[in-house]
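Below is one structure, written out as structure tokens; comments come after it.
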Amino acid sequence: MNNQRFLYTAGQRLRGLRELMGIKRPAFAELTGIDKKRLENIENGLQRMHDMDFEKVCSLYPEFARWITYGGPVDGDLMNLKVADSAQMHAVYLVHCNPMLLDHIGLSPQDWRARHQPQLQLLAESEALHQRQLEFEVEQDFIEGEAQVLEGDEEEPA
């Protein structure tokens, strides 16, 4: 009889979620508020997730709360809402980038902006967040590059 279990740990599920979202560990640590080293240890199975870690992650991704916590199902209703919201956001983004699309529906740009103000606000916030994330990643790459240069200098004989 084979007693091997194929259940993933919460840390493995957390890492899977992060990687599927395409977020690097330092950015995910900053996003969730979990210490970078602690996050690395959790993902690698060296530490267990504490209640506070679950709260931080699950408050950001409530549709994955049951799955992250105990391997339960992903909340399909929330996922469906997010897909619908995503489709609407993509449509708003398309018109935002290509205002000439309004010519075909007989809606003035002012009326369109008034009708889609909440989505435009989210779009602006999303673009600002993306810009901060890019700046953070460039800064991290610079710091890592500087550290490698310093390590290389130490290896050079005087």
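Which order do the peptides 98-105, 37-44, 134-141 come out in when sorted by mean C-beta neighbours inside 10 angstrom, highest first? Don't skip to the answer; put the middle values down first.
Numbers: 98-105: 9.8, 37-44: 17.2, 134-141: 11.9.
Packing order, densest peptide first, comes out as 37-44, 134-141, 98-105.
What is the mean projected area of the alpha carbon convex hull for segment 1-72, to one decimal in square nanometres?
Numbers: hull surface 20.6 nm².
That works out to 5.1 nm², a quarter of the Cα hull's surface.
FYI, it's all coordinate maths here, none of it is from the lab. Quick caveat, the model's predicted, so the values are computed rather than measured. For neighbour counting, all protein chains shown are included, and Cβ atoms are generated from backbone atoms with ideal geometry for every residue, glycine included.
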